[in-house]
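Scroll down for the structure; my scribbles are underneath it.
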Amino acid sequence: MEIKPRAVVIPKETDHLEQGKYGPVFPRTPACYGFTIVAEVKPGRAEAIREYGRALAEELERDPYLLAPLKLHYLRWVLFDDDTRFMYQGIFDTDFDKYTEDAVALFSKAGVSTAFENLEGFPEDWRTNPEAFVRFVRQHHCPSFIEYGEYPYVTSDEIKKALQVKNALSEMLDQMQ
């Protein structure tokens, strides 16, 4: 099986895209699915976002599978412009609608807040109003215009399985020596 890197250009216009529950369904790319949000930070709340990041990292130390339902590959959070703006970038295996519904359900079930609560215009009723959560994300989404994958269209579960096979083969070969 040859794994050939790929890139896909994403159209600026979304009128022709399939419509999901919450708007256009962006195509799966070699990097799978994802979105980038850029939003204004509420005045004086940048440190709260950093603290939320630290708390999330600590929680993931206790439960590494906490975010597993989201089928994430990567998350990246950036505070910039003198801590007045925030960028959230996520790459995941499901489409936008499923990811956002899963995220709202996960955080609501766990009874935890979200770093987004520190952003201007984020709905206070996001736990009970997924549509408002989605509206906020859609309004602040900065779509990619090209996405590249060194190992295109591979899911996070496939990557984990491949690493398990690699480790099992290594152990087997070590036993044979």
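The values are calculated or read from the model by the stated rules, or taken from the named source; none is laboratory data. Being a predicted model, the structure only gives us computed values, none of them experimental. Cβ: placed from backbone, ideal geometry, glycine included. Neighbour counts: every protein chain shown. Areas reflect the complete protein model, heavy atoms only, side chains present, ligands, DNA and RNA absent. Shrake-Rupley method; radii C 1.70, N 1.55, O 1.52, S 1.80 Å.
I'd like the full set of residues that are surrounded by 12 or more Cβ atoms within 10 Å (Cβ to Cβ) and under 22 Å from Val38 (Cα atoms), limited to the range 56-70. Explain how you work it out, then say what you get.
As a first pass, look at the range 56-70 and keep what is surrounded by 12 or more Cβ atoms within 10 Å (Cβ to Cβ): 56, 59-60, 66-70.
The answer is Leu56, Leu67, Leu70.
Which of the residues spanning the range 94-111 are free of Cβ contacts under 8 Å to residues at least 12 places away in the same chain and in a loop (DSSP other than H, G, I, E, B)?
If the condition is that a residue be free of Cβ contacts under 8 Å to residues at least 12 places away in the same chain and in a loop (DSSP other than H, G, I, E, B), then Gly111 is the only one that fits.
Determine if the range 65-75 includes at least one residue that is touching an Asp or Glu at 6+ places or on another chain (Cβ under 6 Å), part of a helix (DSSP H, G or I) and within 21 Å of Arg138 (Cβ to Cβ).
Yes, that holds for at least one residue.
Could you look through the range 1-55, keep only residues that are polar (S, T, N, Q) and within 18 Å of the chain's Cα centre (by Cα), and pick out the one that is surrounded by the most Cβ atoms within 10 Å (Cβ to Cβ)?
Taking the range 1-55 as the starting set, the residues that turn out to be polar (S, T, N, Q) are 14, 19, 29, 36.
If we keep only those that are within 18 Å of the chain's Cα centre (by Cα) too, we end up with 29, 36.
Working: Thr29: 21, Thr36: 16.
Once the filter is applied, the top-ranked residue is Thr29.
Among the β-branched types (Val, Ile, Thr), open to solvent by less than 60 Å² (accessible area, probe 1.4 Å), closer than 18 Å to Leu72 by Cβ and part of a helix (DSSP H, G or I), is that true of Ile91?
Values: among the β-branched types (Val, Ile, Thr): yes; open to solvent by less than 60 Å² (accessible area, probe 1.4 Å): yes; closer than 18 Å to Leu72 by Cβ: yes; part of a helix (DSSP H, G or I): no.
It is false that Ile91 is among the β-branched types (Val, Ile, Thr), open to solvent by less than 60 Å² (accessible area, probe 1.4 Å), closer than 18 Å to Leu72 by Cβ and part of a helix (DSSP H, G or I).
Between a first residue in the range 1-14 that is over 12 Å from Gly149 (Cα atoms) and a second residue that is open to solvent by less than 100 Å² (accessible area, probe 1.4 Å) and among the hydroxyl-bearing types (Ser, Thr, Tyr), which pairs have beta carbons less than 6 Å apart while being 6 or more apart in sequence or on different chains?
Taking only residues 6 or more apart or on different chains, the pairs are Ile10/Ser144.
What is the residue count in the range 1-24 for residues that are within 23 Å of Val104 (Cβ to Cβ), at pLDDT 85 or above and in a loop (DSSP other than H, G, I, E, B)?
3
Scanning the range 94-132 for residues that are of a type in the set (Asp, Glu) and open to solvent by 30 Å² or more (accessible area, probe 1.4 Å), which turns out modelled with the highest pLDDT?
Glu120
Every residue in the range 138-153 that is open to solvent by 40 Å² or more (accessible area, probe 1.4 Å) and either in a loop (DSSP other than H, G, I, E, B) or of a type in the set (Phe, Trp, Tyr) (or both), please.
Cys142, Pro143, Ser144, Phe145, Tyr148, Glu150, Tyr151, Tyr153
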